[in-house]
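Notes follow once the structure below has been shown.
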Amino acid sequence: MEETTDSFNQQAANSIINFLKTNVPKNEVQKIDSELKTELVFAKKRSKQQKRKPIKKKTRCLTRKEKKTLGFYNIPRHSVKYEDVVQMNKIWLEYITEVLAMDEGVPEPNSKNWETLTLSLYKADYHGSMLTVVRSKCPSFINKTGICIMDTKNTFKIVSKDNIVTTIPKKECVFELYLKKFKVTLFGKLLCAKPAERSTKKVKGHLHPDL
Amino acid sequence: MRQKIQGNDAFQRINYLYQISKAMASKNTILSSYYGNLVVNIAKKNVLKIHPEVKRQICKKCRSILIENVSTNMKIRNHNKLKRIEWKCNICGERKGLPAEKNKDHRVWVEKEEAVVEIIK
Ligand SMILES: [Zn+2]
């Protein structure tokens, strides 16, 4: 094999030299041979040094490709059972009563404490909450009820009682949820943020009503 | 009225997500690791430290909760004549080790008694 590649390289080199001889201006033709014989010392040294240092990569987190092969991005329609998620809903109710301090009673609307309540509601977590779509621009989403399992920037993923996972866009929907005696209406338009970022984001003061 | 603690809502959130991540570990590994990932991300975003006891239970690579015989298998190994506990994640295969010598105190400072100054309820 080596001999054939050598002869092939020789051929290629010869053809290049011929090409140069025909195309270079006449007074420079004689220089070609001497020019080709000069060795570039640093060219060889550099390549050797590069081979000595293989770059070691430390991968700590999963890459996107690895996550995809493990199936982190798609949740099949029937993969999550409602019974498993009910437990999450129970823990969520405990969590939300603690966050909103419901034991101490709910403050009057338009008072100072009311603002802090809405703020903490905005910063709370919605995984495991029982959501009902009340209003939506798309009529087929209305009256869908289920427990939220995933909260992305623009969508909620909910599991309904018949074990079906549905994805609901936040922007066009208005949600409702029940906390003991109280009914809370959430405008999905205002919840459009990544769940991890929402806790540090500043809230815009006024709500512009939909037309 | 309760005393206000800085970053309290984020701590509560981390606590809640840790709980549901643990609850889902045996049922749905994908969701469990998704919640574990959120725990780490929220702590990053709010510049908070996760308590070492919680942090030890999260897989370094796929961030799912490690529970013995459910999502991980424990081994005790000798490493340079020192004993180490090693957990191997069943989802991604990452190993996680901690020193476990009998006569030594391996607690971090946060876990020791003198670290607790005041308990706020
Ligand atoms: Zn793992």
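Which value, in square angstrom to the nearest 100, describes the accessible area buried between chains B and A on both sides, using a 1.4 angstrom probe?
So the buried area, both faces added, is about 3000 Å².
Counting only helical runs of four or more DSSP H residues, what would the 222 nm mean residue ellipticity of chain B come to if each run contributes -39,500 (n - 2.57) and the total is spread over all its residues?
Taken over chain B, the calculation gives -10000 deg cm²/dmol.
Mind scanning A:LYS189/B:LYS60; B:LYS22/B:LYS60; A:LYS90/B:LYS112; A:LYS65/B:LYS49; A:LYS81/B:LYS88 and naming the pairs with a C-alpha gap bigger than 23 Å?
Violating the 23 Å limit, Cα to Cα: A:LYS189/B:LYS60; A:LYS90/B:LYS112; A:LYS65/B:LYS49; A:LYS81/B:LYS88.
I need the calculated FRET efficiency for the pair B:GLU113 and B:LEU48, taking r as the beta carbon distance and R₀ as 25 Å, to the nearest 0.05.
0.65
Evaluate the distance, in nm, between pseudo-label points positioned 7 Å from the Cα of B:LYS81 and of A:ASP33 along their respective Cα→Cβ axes.
For B:LYS81 paired with A:ASP33, the spin-label model returns 7.2 nm.
At a Förster distance of 56 Å, what's the computed FRET efficiency of A:SER15 paired with B:LYS60, Cβ-Cβ distance as r, to 0.05?
0.50
When the label point is put 7 Å from the Cα of A:SER160 along its Cα-to-beta-carbon vector, which residues of the range A:112-136 have a backbone N closer than 17 Å?
Zone members listed by number: A:130-136.
Write down the radius of gyration of chain B and its Dmax, each obtained from C-alpha positions, in Å.
16.3, 54
The values are calculated or read from the model by the stated rules, or taken from the named source; none is laboratory data. Note that this is a predicted model, so its numbers are computed, not measured. FYI the Cβ positions are ideal-geometry reconstructions off the backbone, even for glycines, and counts take in every protein chain you see. The accessibility values were calculated without ligands, DNA or RNA, using every heavy atom of the protein model including side chains. Shrake-Rupley method; radii C 1.70, N 1.55, O 1.52, S 1.80 Å.
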